[in-house]
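A quick write-up on the structure given underneath.
The values are calculated or read from the model by the stated rules, or taken from the named source; none is laboratory data. Just so you know, these numbers come straight off a predicted model, no measurement behind them. Glycine gets a Cβ as well: all are built from the backbone with ideal geometry, and neighbour counts include every protein chain shown.
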Amino acid sequence: MITKVQNFEPLEKILDVLPGFVYQLKMNPQGEFTWLYLSKGVEHILGLPVEEALQDANRLLSLIHPDDYDRVLSESIAIGEKEQSWFGEFRMHTVDGREMYFEAHDTSRKQVNGDIVFTGFANNVSERRELEHRLDLMAHYDALTGLLNRSSFYEILENTIRTSHRRQQHFALLFIDLDHFKPVNDNFGHRAGDILLQFVSGRIKQSLRTSDTCCRYGGDEFLVVLPDVGGMENPARVAEKIIQQLEQPFEVEGHILHISASIGISLYPDHGNNPDTLISLADQTMYQAKHSGGGNVRIHED
C-alpha cells in the first residue's frame, strides 16, 4: 500500500539551501509571465523577497542583466514552443546591484489553453566564474604589475606578425630595461622595488595607444609592440616619451626614487619576421643604449 505524502516541509527545507533557486514560470499566449513557484534562494542570493517576486513576475525578470535579457527570453520561448529542455548561462543583478552568474536548466510543457510552463533550477555559479577569472589572470597576466606575461605576449607578437604580413604593415618592438633599479632593491628592500615596478608599469601604459601591447618580460624588463607604425620616427618618439615619463621622480614608501630606462627597438619586417629574432635584436640594441650611458633609445641597425 502506498501512502500519499502531504507534508512538503522537508522538501522545502532542501530547496531553500540549494546554491540557486528552483522556479516554475508560466507564460500565457499573450506573452505575459507569472511565477507559479519560487524557492527561497531568490531571497537568499538576490535579496528579493519571494512574496514580492510572486506578485510581479517582471520584478525578478528585470534583474537579468540587460545584455543577456533578450537572449534568455527568446531562447526559452523558442524551446518552450517545442516542449524541449533549455540550458543557458546568464547574469543577474542583486537588489543591491552586485552582478551574479547563473546556469539555468529547465523543461517546458505546453498546456491545453496555450500556456507554457517552465520548471527548472537556476544555479548560482558566481564563485566558479570568479575562480575561472582568477585562473585566467594567472595564466595570462603578471601577478605583480597586471601586464601581460611573457607567454601571452609571445602569442600576441605572433598574431601581430601574421596581421602585419597580411596587411603589409610595419610594426615596432621595444625592449625596455630599467636603469639604476638594482640599487632600489639593495637600499630600500624588495617591497619597495615591487611597488616601483607597479608604478613603472602604469607610466609605460600611459605612454601608449590603446592598440599597443605591453608585457613584463622578466625582472625589470618590459616589451612593447607598436602596431602599424609608419616609419622609424614614430617608435623612437614613443620610446623617448616612455623615458621622459620614467625619469620623473617616484615616491615609494616615503622615499623619492630616481630611475631611467634604456630602450632598444627592432622593426618588422625590416629586421626580422619571427618573434625570437625581433626580441633578440631589440635586446641587443637595448644593451647598446645602456652601455652608452643609459636613458637612451637605439634602433637596430643591420
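Odds and ends about this structure:
- The helices (runs of 4 or more DSSP H) falling completely within segment 146-255 that include 3 or more residues that are over 28 Å from S292 (Cα atoms) and either among the β-branched types (V, I, T) or outside the structural domain of P269 (by TED's automatic domain parsing) (or both) map to 150-167.
- Scanning segment 31-60 for residues that are within 16 Å of G20 (Cβ to Cβ) and not basic (K, R) yields a count of 15.
- Meets criteria (basic (K, R), modelled with pLDDT under 95 and in a strand (DSSP E or B)) for R91: no
- Of the residues screened, E103 is not one that is surrounded by fewer than 18 Cβ atoms within 10 Å (Cβ to Cβ), under 30 Å from R216 (Cβ atoms) and not β-branched (V, I, T).
- Within segment 257-282, the set of residues being of a type in the set (D, E) and within 30 Å of the chain's Cα centre (by Cα) comprises just one member, D276.
- In segment 245-294, residue nearest to N159 (Cα to Cα) [restricted to those that are touching a residue at least 40 places away in the same chain (Cβ under 8 Å) and of a type in the set (D, E)]: D270
- Consider segment 190-236 and keep the residues that are in contact (Cβ under 8 Å) with a residue 60 or more places away in the chain and of a type in the set (S, T, N, Q). The one that is surrounded by the most Cβ atoms within 10 Å (Cβ to Cβ) is T213.
- Unmet criterion (only one of (1) under 20 Å from M100 (Cβ atoms); (2) not in a strand (DSSP E or B)) for W35: (2)
- When we screen K40, K13 for residues that are at pLDDT below 90 and under 18 Å from F121 (Cα atoms), the only hit is K13.
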